[in-house]
Structures are given as structure tokens and as C-alpha cells.
1. Regarding the stretch 286-294, can at least one residue be identified that is over 25 Å from HIS167 (Cβ atoms), touching a residue at least 40 places away in the same chain (Cβ under 8 Å), within 24 Å of the chain's Cα centre (by Cα) and not in a helix (DSSP H, G or I)?
2. Mind counting the residues in the stretch 369-389 that are in contact with a Gly (Cβ under 6 Å, 6 or more places away or on another chain) and either at positive phi or surrounded by fewer than 24 Cβ atoms within 10 Å (Cβ to Cβ) (or both)?
3. What are the pairs, 6+ residues apart or on separate chains, where a residue within the stretch 25-43 that is free of Cβ contacts under 8 Å to residues at least 24 places away in the same chain has its Cβ under 8 Å from a residue that is among the hydrophobic types (A, V, I, L, M, F, W, C) and surrounded by fewer than 18 Cβ atoms within 10 Å (Cβ to Cβ)?
4. Please note which strands (runs of 3 or more DSSP E) are completely contained in the stretch 187-277 and include at least 2 residues that are more than 24 Å from the chain's Cα centre (by Cα), hydrophobic (A, V, I, L, M, F, W, C) and more than 20 Å from MET376 (Cβ to Cβ).
5. Do we have any residue at all in the stretch 137-160 that's under 19 Å from GLU289 (Cα atoms), modelled with pLDDT under 95, surrounded by fewer than 17 Cβ atoms within 10 Å (Cβ to Cβ) and hydroxyl-bearing (Ser, Thr, Tyr)?
6. Can you name the helices (runs of 4 or more DSSP H) wholly within the stretch 300-392 that have at least 3 residues being among the charged types (D, E, K, R)?
Amino acid sequence: MAEAYIVAATRTAGGRKGGRLREWHSADLAGAVLDELIARTGIDPNRVDDVLMGCVTQAGEQSSNIARNAILASSLPERVPGVSLDRQCGSSQQAMHFAAQAVMSGTMDVVIAAGVENMSRSPMGMAAMMPMKAGFGGPMSPKIHARYPDVQEFSQFVGAELIAAKHNQTKDQLDRFGFESHQRAIAATQAGAFKDEILVLEGKDAEGNVVAHDSDEGIRYNVSLEGMQGVKLLQEGGRLTAATSSQICDGASGVMIVSEKALKELGLTPIGRIHHMTVIGGDPIFMLETPLPATELALKRAGMKIDDIDLYEVNEAFASVPMAWLGAIGADPAKLNVNGGAIALGHPLGASGTKLMTTMLHALKARGGRYGLQTMCEGGGLANVTIVERLN
């Protein structure tokens, strides 16, 4: 069977809400990642067949096909096409799947899968809320209401709490998981674990001075378990807080995927091979629990066991999700999000898929691991799973 190889992977450091990336237009932010992928591979940019870009809030500065606008804001030639994808939080992971499938089908040889979300400038929910406020309606149709008569809207916050209750997770356990995410992110940053994957950009500090945006802004270096335990609950009677939820984040990321033919013609060295891809839907009310059955299905289809996997990246949308995943899959906590997750590093929505893959490939190399598994909970009860083999 034809193979799909990753030859470059990069990401920006995560920017806090209103932080160092606050003045970056999303097209320019994503365009910088496209340029970096070309620079890292040294290929003729005319060889890029397509750019597939994940983005959730496709409104305002992220509207009108952000993928194409990112190309026009980069050094890529006008002949390179681009398309924007929305599979909610899994958007750029799905872009990666589509890129691999295009290469494996033989219809394309060099495809960039990327993602972008500047949540400071395009706030989460803006794409739905603005039309609703203008009287143009929202995503819940009459037939959806008829199918789910007791649901006014599908909510990730409700889903996260339902998962915590179903899996008997205590607030203390959730707080400790969030604290550990920060501890791992602090250790990774101080050890330089992210240095090779981060594209350094010019940012602005609080006073407006130009500074290097070279580290993830969301990490709280003075974090304490006691401090996290004192954060207000997201909802009365719940278990989750802002400290055990993913951080609003600005950022972009991307990977370049090529065919074996392109690998040889362009003299590229692969850093990874797409070993397996799965995507399924699940309960839209629980919403965020689908990574559990998706992982079970992916391992079955790949003929693998969880013990065959050296590292896993399970997006920390809320602490309850990876905690439930660990228990259901019987996975080793020591292999999960080893450099911290979205609770500490931020979750730039549409950019998180290729962001996690970038981090996982670099972490596999640092640890001498072979296989990595990535999964993402997604709005609407969806989940992608990607298994990658590190090659270099």
C-alpha cells in the first residue's frame, strides 16, 4: 500500500488571550508556518500541491477561506490552492488525515496540513453568535431539536461534567491532573524540549514592546496545587474549573506530508510515517467521550495493543477527558502528554491537531520511541485518532 510521510512539523508557541500574538492577523500567523515548513525542507514551493488548513471560528479575520488567505500572506506562489476545514477541535488533525489520504491515493505528492486560531481576535463561538444576534438563527435546526427534545444546545461544558460524573472522577483528582500538566510543561520548557519544534515570532509584551515569542505563555510557573484547588467551579455542583480546562490560546501549526515518490525526487528525510487513521462519531450530548471508542477501534484496525504505543497525546480540552481515556483504555499515565497538555500549554482550537503531532514527533525522537497515538475530542461528539511511526 502507498505510504504517507511527514517530512517537517512546526508550531508557534501558544499565546495567551490578549498576549504576545494579539496583533497578529490569523492569515499572517498561518502564513508564517507555511513559510517555515518550506524553509525546513528546502523544497521548491511550486511543488506544494495543496494546503489543507483547520480553523474552527471561520468568521471575521478567519473567514473567506483562511487557508487561501494564509497562502497569499506567505511566500508560496499563487498557483498553490488551499481549503479550510472545520471538524471542530480536530480540524487540523483531520486536515492531516485528508493530506495523507491524498498522498496515499496517488493524486498528490506534497501536501501541507496546518491549522490556525487567533482566539484573541476571533473569539470562540463568534461564528455562531454573531448571526444569531442579527436574527439569522443558529446551528440547532427543528429536526435536531426533534431528535434531541430535551437539549437546547450541545455544550462541551455539560459534556465534560457528564464524563467526570460517569467515570467517578473527584474534583481533587481533576485538580491534581491539571497541576501535573503544568509541572510537565514547566519541566519540558526548562529542559528545552520545545526548542526545535517552535517557530519563533515577533510578539508584543504588555507594554507594546517587540519581544521574541519563543515560549508558551500559558504555563503558570508559580502554580500550586492549593491554588488550583481554590479556583471557582465552572458550574454549581460541578467538578471542573478553569484550572482543569484548556486555555484560550492563539497559535498556528503545520506538517508537510509527501509521497514516497516525492521523498526520493526531492531528497527528503522523513521524520514520521502515518501508520493509521480513524475518525468516528458518538453521542453529541456527552460529546467529548468519543476518543475512548475511537481509540479502541483504531487499535483494533491497526492490529495493535495500547502497550505497542510509546507515547500518547490526548487533548486536554478538560481534565475529565484524558482521565477517562486512561481508565477506559488501560493506558500508562507516564506516557500521556509527557510535555504537558492544553491545560498548561493552551488549545488553539483548529491548530491543535497538527500542534499535538508536532510535539509528539519531537518527544518520540527525544525518548527514542517508535509509535505515537494522538486523539482529540471534538464538538458534535466526534473524534479522530492518528497513529504515527517515528522514522528519524
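1. No, there is no match, as no residue in the stretch 286-294 is over 25 Å from HIS167 (Cβ atoms), touching a residue at least 40 places away in the same chain (Cβ under 8 Å), within 24 Å of the chain's Cα centre (by Cα) and not in a helix (DSSP H, G or I).
2. 2
3. Taking only residues 6 or more apart or on different chains, not a single pair turns up.
4. So the answer is 210-213.
5. Looking for residues that are under 19 Å from GLU289 (Cα atoms), modelled with pLDDT under 95, surrounded by fewer than 17 Cβ atoms within 10 Å (Cβ to Cβ) and hydroxyl-bearing (Ser, Thr, Tyr), one finds at least one in the stretch 137-160, hence yes.
6. By residue number, 352-367.
Residue-wise test of (1) closer than 15 Å to GLU117 by Cβ; (2) buried (at least 17 other Cβ atoms within 10 Å of the Cβ); (3) at pLDDT 95 or above.
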site: ALA4; (1), (2), (3): no, yes, yes
site: THR57; (1), (2), (3): yes, yes, yes
site: GLY60; (1), (2), (3): yes, no, no
site: SER64; (1), (2), (3): no, no, yes
site: ARG68; (1), (2), (3): no, yes, yes
site: SER91; (1), (2), (3): yes, yes, yes
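Yes/no per residue for (1) surrounded by fewer than 24 Cβ atoms within 10 Å (Cβ to Cβ); (2) in contact (Cβ under 8 Å) with a residue 40 or more places away in the chain:
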{"position": "VAL279", "(1), (2)": "yes, yes"}
{"position": "LYS300", "(1), (2)": "yes, no"}
{"position": "LYS335", "(1), (2)": "yes, no"}
{"position": "PRO348", "(1), (2)": "no, yes"}
{"position": "SER352", "(1), (2)": "no, yes"}
{"position": "MET357", "(1), (2)": "no, yes"}
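The values are calculated or read from the model by the stated rules, or taken from the named source; none is laboratory data. All values reported here derive from a predicted model rather than from experimental measurement. Cβ sites come from the backbone with ideal geometry, for glycine too, and all protein chains shown count toward neighbours.
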